[in-house]
Structure formats: structure tokens, C-alpha cells
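Every number here is computed from the coordinates shown, using simple stated rules; none is lab data. This one's a predicted model, so the numbers in the text were calculated from it and none came from an experiment. When we count neighbours, we look across all protein chains shown, and the Cβ atoms used for this are built from the backbone with ideal geometry, even at glycine.
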Amino acid sequence: MTVRLVAFDIGETLVDETRVWGEWADWLGIPRLTFFGALGAVIAERRHHLDVFQLLRPGFDVRAAARARGGAARGGADRWLGLEHDDLYPDALRCLSELRSRGYRLALAGNQIQGALDALRGLGIEADLMASSEAWGVQKPAPEFFARLIEACGVPAAEIAYVGDRIDNDVLPAKQAGIVAVFLRRGPWGMIQANWPKATAADLRIENLDELPDALSRLPRAGDGAA
């Protein structure tokens with residue numbers, strides 16, 4: 001394995017989603033503890049995270065509700081558009097800066113709308129590549145998502161490390177694509193999936209992003225030439 005480019009998932013990797021999920025609970029009039037407990041149950045059952053709304057409000061149309069929230073939600077209807085600096089994990093910008101100083105190229109690619117990338121740029125996030133599932137028309141964990149990532153990065157799969165908090169959406173499909181899979185054990189998915197037997201598929205396992213630069217440095221590095 002030789003790594004020249006580090007790609008990141010976004011939600012619960014760079015961005016702490018506590019506030020945005022909490023605001024959904026408030027808007028629904030559901031105690032936050034109840035909402036977060038239900039979200040954890042949905043994750044543990046390996047269901048789609050939006051199923052939490054059906055669990056709490058059967059028949060609930062989350063997309064219609066998002067439109068109805070409009071200006072009531074900071075930044076508009078979609079949870080990603082109201083990102084604030086405090087929504088970034090404290091180690092996010094620090095890690096990106098350190099990786100850049102060590103000569104790594106950087107990419108962001110996750111299951112987000114394209115507007116989320118503009119919000120991240122507004123928070124000071126910079127990368128050589130910023131891509132969304134909306135723009136590509138395919139979502140993780142589909143193999144096509146990681147094929148698009150490899151193509152867009154312009155380097156062989158083995159020279160890309162993908163960092164994410166989910167075994168199912170990040171680690172396993174990245175590994176299957178020949179990418180170096182880095183599992184970040186944080187957030188609800190990270191904590192719940194950390195003990196899955198398949199979690200051992202990760203090439204690297206870290207507890208926070210501050211560990212990432214040194215962890216990557218222990219892997220063989222490619223030469224300094226251009227991709």
C-alpha cells in the first residue's frame with residue numbers, strides 16, 4: 001500500500017451531526033434523548049438512518065417536513081445547509097492542515113447534496129477534490145461511488161486512503177475497491193459498528209483524526225512525483 005491522497009467521508013467524520021439531529025427532535029416535539037435513542041436503535045438494526053422518523057412518527061414524510069421547515073431550520077430545509085463552525089469536530093481542520101503539510105493530497109466525498117460542499121468551503125475546508133453523491137448520481141456503499149472516486153482522484157486505488165466512521169458504507173466498499181480503508185471509531189455508527197466482525201477489514205483503525213497523519217506515515221509512501 002502506498003498512499004498519496006486521503007479522502008474523507010463527511011458526516012460524523014469531519015462534521016458532528018449532534019446539533020442538526022437535535023434540532024429535528026426539537027421541531028418534532030420529541031425529547032432529544034428519545035430521538036437519539038431511537039436513532040441508535042435504527043443504526044443497530046442496520047436500517048437506513050431516516051427510518052428513525054418512521055419509528056417515531058409512522059407515516060411521517062421527512063422530505064416534505066424538510067421543505068416545511070424552510071427558514072425555521074438554520075440555513076434552510078436541508079440539514080447540511082445550516083452548518084456552523086462549531087459543527088466541525090475540533091480535530092477536522094487540524095488534521096487536514098497537518099496532512100497537507102506532509103504532502104498528501106486531500107479529497108472529500110460523501111452522501112451529501114452538492115450544497116453541503118459549499119457550506120464546508122464556507123467553514124474553511126479546502127481539498128483538491130470535493131464531490132457529493134448528488135453530483136455523481138450514486139451513493140455509498142455502491143461500488144460505482146468508489147469507482148467514481150478513484151477516477152476523479154486520478155491515482156491508483158492503492159494510493160488512496162478513505163477515512164470514514166461506518167464499516168458498511170465506508171470501510172468495506174472502499175476495501176473492495178482496492179482503496180486503503182481507515183475506520184474512525186466515533187459517532188453513533190462508529191461506536192455501534194466497531195465490534196462487528198467485519199470491522200477487522202479496516203487497514204487502519206483510529207479513535208480521532210489527530211491520530212491519522214502518524215498512522216498513515218507508518219504505511220509505505222509513494223514517490224513525490226505527480227499523479
Q) Where does each of 97, 132 land when they are ranked from fewest to most other beta-carbon atoms within 10 angstrom? A) 97, 132
Q: Starting from the Cα gyration tensor of segment 79-177, take the square roots of the eigenvalues, sort them a ≥ b ≥ c, and report rounded, prolate or oblate (rounded when a/c is under 1.5, otherwise prolate if a/b is larger than b/c, else oblate).
A: oblate
(Q) Charges at C-beta only: +1 for Lys and Arg, -1 for Asp and Glu. How large is the resulting dipole of segment 116-172 about its Cα centre, in Debye rounded to 20? (A) 60
Q. Between residue 88 and residues 5 or more places away or on another chain, which pairs have amide H atoms under 5 Å apart, with H built 1.01 Å from N, and which residues are they?
A. 16
Q: Kindly identify segment 145-224 as rounded, prolate or oblate by the Cα gyration tensor criterion: order the square roots of the eigenvalues as a ≥ b ≥ c, call it rounded if a/c is under 1.5, otherwise compare a/b with b/c, prolate if a/b is larger, else oblate.
A: oblate
Q: With only Lys, Arg, Asp and Glu charged, each at its Cβ (+1 for the first two, -1 for the last two), find how big the charge dipole of the chain is about the Cα centre; round to the nearest 20 debye.
A: 340
Q.
Please compute the length gained on full extension between residue 34 and residue 57, using 0.36 nm multiplied by the number of residues separating them and subtracting their Cα-Cα distance.
A. 7.0 nm
Q: Among 217, 96, 180, flag the residue with its Cα farthest along the positive direction of the charge dipole of the chain, charges on Cβ as +1 for Lys/Arg and -1 for Asp/Glu.
A: 180
**Q.** Amide hydrogen neighbours beyond the local backbone of residue 131, cut-off 5 Å, H modeled
**A.** 108, 109, 110
(Q) Can you give me the angle between helix 143-153 and the longest principal axis of the chain, using Cα atoms only, in degrees from 0 to 90, rounded to the nearest 10? (A) 50
Q | For the chain, Kirkwood radius (reciprocal of mean inverse C-alpha pair distance, Å) | A | 18.1
Q) Counting other C-beta atoms within 10 Å, which of 140, 175, 198 has the fewest, and how do the rest follow? A) 198, 175, 140
Q) Ranked by Cβ crowding within 10 angstrom, fewest neighbours first, how are 106, 28, 5, 33 ordered? A) 33, 28, 106, 5
